[in-house]
Each structure stands twice: as C-alpha cells, then as structure tokens.
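Asker: Sharing a structure here in structure tokens format.
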Amino acid sequence: MIDLRSDTITKPSKGMLEAMFKAEVGDDVYKEDPTVNRLEKRLADMFGKTHALFFPSGSMANQTAIKLHTNPGEQVIADKWAHIYNYEGGGASFNSGVSFKLIDGNRGMFTAEQVEASINPPDFYHSPLTSLVAVENTTNKGGGACWDFEELKKIRKVCDKNNLGYHLDGARLWNAIVKNDENPREYGKLFDTISVCLSKGLGCPVGSVLIGDEQIMKNAIRIRKILGGASRQIGYLAAAGLYAIDNNIERLKEDHKKAKALGNVLNKLPFIDKVEPIETNIIIFTINNDIHSTDFFSKMNQNQILLSDMGCKKIRIVTHLGYTFEQHNQLLNILDRI
Ligand SMILES: *Cc1c(COP(=O)(O)O)cnc(C)c1O
C-alpha cells in the first residue's frame, strides 16, 4: 500500500525504536523521568522559552493552551479552518467554555487588520471578552501553507495593544521552519505558547509538546492532570522525540520535494481542475466533472494507493517519512498512465 492519507500514519524507524529501547525512565507524574525532562528542556531552549511540557496529543496541548489563556465565556479569534475549531471535538467549548470568532481567511491564514476587526470592545459587556488569538503554521486544512512571518509580527502588535494571548498551533511548524529556513527562537519571541507535534512529519508514535515561559506555563501541568494527560514512564516516548529532533527535521525537505513533483504531474491530468499551491508536504486538489470521486478513489485503491477524501471533490495527499522513493516513482508512473 502507498498510504498518503496523512503524515500521522508513520511508524518508528529502527533507529528510533533502538533509542526508545535504551531510554532511561522514571515517573513523569513526579517529574522524575530524565528523558522526558531532557526533551522538555531541549524544546524550551530551542524556542528560547523557559518551560515545555510533554502531551500525549496535539489536541491536548492546544486545549491546555486555550485553557491557560482564557476564562469561561470569553472568545478566541481563529481562522474558520483552524484545527482547534474544527478537529478537536469541540474541546474549546467543553474544556474552557469559550466561543470562537472565526475569520474568513485565505488558506487558513489571515491578516492583522482582520484580527483587529474581530476584537470585541472590552467595555461592551454584551459581547464575549476577546482574550486569545490562535494561528496555525503550517495550516492543515489550508494545504500546508506557511505564514508570512511579517504578518505574524503585526498580529503580535495587535495582541499587545489589546491585551490578548497569542498561541501558535505548530503541529507542522517543523515543515514551515525547514521550508523557509527559519529559526525556532523567532517563533519563541513572538508567541506566548507554541504547541509542536512529534508524531506527524517527525515520525514518532506519540507526542506533542507545549512551550512557553514560566508565567503562562505554571498552570499547564495542573490542566494536563485534569485532562487525564499525566503519564508515568513515558521517557520511552520522549526518547523517540529526541531521536526525531536529531534525525528527522531536515529530511522534511524530501517530503516537500516529493509533494512538488506529485503536484506537477497532477496539474497535467485532464480530470483535475485545480491543484492548490504546494508549499510543504500537503497537496490539495479538486477533480472536475469528467470523473466521479468514487471512481477516482476506486481506481486509486486498485493501484494500492490511499488518499484522503475532503468532500466536494477535494482530495488530499500528504507526503511523509514512510513514503519511499520507490513508492514515489511508482505513484508518478501510475498517475502518468491513468
Ligand atoms: C494533527 C494536528 C493537531 C493535533 O492533532 P492530534 O491528533 O491531537 O495530535 C493540531 N493541529 C493541527 C493543525 C494538526 O494538523
């Protein structure tokens, strides 16, 4: 099978498994797991922050961030395609009792002006109090698009002026950093909290980390406990994370190259209407009326290829660590013949 549904389907490599096998562990609920502590320190330093905390999922890291920045009844500004709004089970309202002001952005991104226009005046007590702006880099539903760093800086200014928290859902931040040759510290300077995922392009079986300075992070461990995310000897998982940071960040470029190559072939196919711009490892394309989407998927399945159906004739491909050059050439040939 050539499985391109998501970069979450990757399995640990032999090297990663060996690192896990050798991990020194302890009880992380007592904060006595040396490998977890090492991973947390490594990521905090990398982003120039004082604190980092390991989470079993990106959703839990984001949900914790929302809780840290808000009180019940308040409002979060995010793009209409945001993962925290669409794909975390309604957690923001369940866990934090907040609502969203959604921005009608472009491929999951928006402007500082749009943020400014979305803030409810704090003395107008009829409306929810705006307390947080959340952005996603790269954007998931936006097809792996990367933010313009200058726009992120402008939004920081709006947040400062209006006393708003600023959270980055960086599930695929690694892809943006590698693509644009950015320094994680620049992100650390800009955002109050950043969540990063270890289990997508980096290939770990489990894990996300929330990063921030002491003031905002001091309650994170309590919220993680409340959400049921405090675990014991998870140094085995942290070892996978450390291995991934050492070995799997730069190689994301390979995923990006493969995505571009696939995009070039898809762009030439007569039954494909539009391929969205490809910046990183996600390709979103729309098929036209010459082919029914069930026919397209069954044709793909006959060739042992798995893709994601986004509905409305939109299809998603995600390249990743487990997608080999051999599979890549095979797929390019199949697409050429189809
Ligand atoms: C995958 C993802 C998350 C976290 O998802 P989990 O499955 O909970 O780890 C968060 N934000 C974005 C943009 C994602 O793509």
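Asker: Determine how large the accessible area of PHE325 is when every protein chain is in place; take a 1.4 Å probe and give Å² rounded to the nearest 10.
Answerer: 120
Asker: Quick check on the chain: of the DSSP beta bridges with both residues there, what percent are antiparallel, nearest 5%?
Answerer: 55
Asker: Carbon-plus-sulfur fraction of the accessible area of region 114-157, 1.4 Å probe, in percent?
Answerer: Looking at region 114-157 in its full context, I get 55 percent from C and S.
Asker: Using modelled backbone amide H atoms (1.01 Å from N, in-plane), which distant-in-sequence or interchain residues come within less than 5 Å of SER208's amide H?
Answerer: When sequence neighbours closer than 5 places are left aside, the close amide H contacts are PHE55, SER57, LEU198.
Asker: What is the distance in Å between the Cα centres of region 22-38 and region 92-106?
Answerer: 35
Asker: Could you compute the FRET efficiency for ASN329 and ASN86, with r as their C-beta to C-beta distance and R0 at 35 Å, rounded to 0.05?
Answerer: 0.50
Asker: Could you work out [θ]222 nm for the chain from helices alone, using -39500 (n - 2.57) per DSSP H run of at least four and dividing by all its residues? Round to the nearest 500 deg cm²/dmol.
Answerer: -12000 deg cm²/dmol
Asker: About the Cα centre, and with charges only on the beta carbon of Lys, Arg (+1) and Asp, Glu (-1), how big is the dipole of region 130-261? Nearest 20 debye, please.
Answerer: Dipole size: approximately 300 debye.
Asker: Compute log10 of I(q)/I(0) for region 51-192 with the Debye formula, placing one identical point scatterer on every Cα and leaving out solvent, at q = 0.11, 0.13, 0.21 Å⁻¹, to two decimals.
Answerer: At q = 0.11, 0.13, 0.21 Å⁻¹ the computed log10 ratios are -0.36, -0.52, -1.45.
Asker: Determine ³J(HN,Hα), in whole Hz, for all residues of region 258-263 in sequence, where each value follows from phi through the Karplus function 6.51 cos²θ - 1.76 cosθ + 1.60 and θ = phi - 60°; x replaces Gly and Pro.
Answerer: Rounded to whole hertz, the list is 5, 4, 4, 5, 5, x.
Asker: Of the options PHE191, ILE103, ILE226, report the single residue whose Cα projects farthest towards the positive end of the charge dipole of the chain (beta-carbon charges: Lys, Arg +1; Asp, Glu -1).
Answerer: The Cα lying farthest towards the positive end belongs to ILE226.
Asker: Sorted by accessible area (1.4 Å probe), largest first, how do HIS51, HIS83 line up?
Answerer: Ranking HIS51, HIS83 by accessible area, largest first, yields HIS51, HIS83.
Asker: What list of ³J(HN,Hα) couplings, whole Hz, do you get for region 187-204 from phi and the Karplus terms 6.51, -1.76, 1.60, once you set θ to phi - 60° and write x for glycine and proline?
Answerer: Residue by residue, region 187-204 yields 5, x, 5, 7, 9, 6, 9, 9, 9, 10, 9, 9, 9, 9, x, 7, x, 7 Hz.
Asker: Per the Kirkwood definition applied to all pairs of different Cα atoms, how many angstroms is the hydrodynamic radius of region 207-262?
Answerer: 14.1
Asker: Here is a further query. How big is the antiparallel share of DSSP beta bridges in region 7-161, given as a percent to the nearest 5?
Answerer: About 10 percent, rounded to the nearest 5.
Asker: Can you tell me the FRET efficiency between SER298 and LYS14 if r is taken as the Cβ-Cβ distance and R0 is 45 Å, rounded to the nearest 0.05?
Answerer: That pair, SER298 with LYS14, gives E of 0.80.
Asker: Which whole-angstrom value gives the distance between the alpha carbon centres of region 5-20 and region 189-213?
Answerer: When both Cα centres are located, 17 Å separates them.
Asker: Take the alpha carbon gyration tensor of region 251-337, find the square roots of its eigenvalues, order them as a ≥ b ≥ c, and report rounded if a/c is under 1.5; if not, report prolate when a/b exceeds b/c, else oblate.
Answerer: Prolate, since a/c reaches 1.5 and a/b exceeds b/c.
Asker: While we're on this one: Pull out the extension gain between ASN183 and THR111, defined as 0.36 nm times the separation in residues minus the alpha carbon to alpha carbon distance; nm, one decimal.
Answerer: Taking ASN183 through THR111 to full extension adds about 23.7 nm, to one decimal.
Asker: Once the Cα atoms of the chain are picked out, what are the Rg and Dmax in Å?
Answerer: Reported Rg and Dmax, both Å: 20.4, 63.
The values are calculated or read from the model by the stated rules, or taken from the named source; none is laboratory data. Everything numeric in this text was worked out from a predicted model, so none of it was measured. Heads up, the Cβs are rebuilt from the backbone with ideal geometry, glycines too, and the neighbour counts pull from every protein chain shown. Surface areas here come from the heavy atoms of the whole protein model, side chains and all, with no ligands, DNA or RNA. Shrake-Rupley method; radii C 1.70, N 1.55, O 1.52, S 1.80 Å.
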